[in-house]
């Protein structure tokens, strides 16, 4: 885009913009995926307990054992990022998206606090990739959504590239 050109988020949508600019059908796909991720993250978390060691090396020897884990997509996201992705911020961002209260990315401070909505932007990007490329959930492949691919003009791209998660 040239200098001084105005971007219309209804036509030139990117993850920096609210899903509110998208047509209802596409917006609902984003909302549904955000809802799935929200509930998945909310109900699955790392829980570690202490149990007696199978081979005791001293009296009352205990080891840590994970009884539940974070969702695979969340572990993978944290593995690929240079800084940890915080669960409370993630839940808040996903809740904003699923309720279409996801403001656009802002790099300027609002009062004394900088609220740039980077987590919302990150999750809009992840959801976009999931809807366009498909994804794996519980060992099963969930295919891409053709209507989302059609809207963004990337029909069949999931056949060429590997899914993000």
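The values are calculated or read from the model by the stated rules, or taken from the named source; none is laboratory data. What you are looking at is a predicted structure, and each value in this text was computed from that prediction instead of being measured. Neighbour counts are summed over all protein chains in view; Cβ atoms, including those assigned to glycine, are modelled from backbone coordinates with ideal geometry.
Please find, among 98, 92, the residue that is within 14 Å of the chain's Cα centre (by Cα), surrounded by 18 or more Cβ atoms within 10 Å (Cβ to Cβ) and at pLDDT 90 or above. Show your work before the answer.
Values: 92 fails: surrounded by 18 or more Cβ atoms within 10 Å (Cβ to Cβ).
Of 98, 92, the one residue that is within 14 Å of the chain's Cα centre (by Cα), surrounded by 18 or more Cβ atoms within 10 Å (Cβ to Cβ) and at pLDDT 90 or above is 98.
Given the condition free of Cβ contacts under 8 Å to residues at least 12 places away in the same chain, part of a loop (DSSP other than H, G, I, E, B), out of contact with any strand residue (DSSP E or B) (no Cβ under 6 Å at 6 or more places or on another chain) and surrounded by fewer than 11 Cβ atoms within 10 Å (Cβ to Cβ), answer yes or no: does some residue in region 24-40 qualify?
no
With (1) over 16 Å from the mean Cα position of the chain (by Cα); (2) over 13 Å from residue 120 (Cα atoms); (3) surrounded by 12 or more Cβ atoms within 10 Å (Cβ to Cβ) as the list, and residue 73 as the residue in question, which single condition is left unmet?
The one condition residue 73 does not meet is (1).
Among the numbered criteria (1) surrounded by 12 or more Cβ atoms within 10 Å (Cβ to Cβ); (2) more than 18 Å from residue 23 (Cα to Cα); (3) modelled with pLDDT under 85, which single criterion is violated by residue 120?
(3)
Answer yes or no: is there a residue in region 124-131 that is surrounded by 18 or more Cβ atoms within 10 Å (Cβ to Cβ) and modelled with pLDDT under 90.
Looking through region 124-131, none of the residues is surrounded by 18 or more Cβ atoms within 10 Å (Cβ to Cβ) and modelled with pLDDT under 90.
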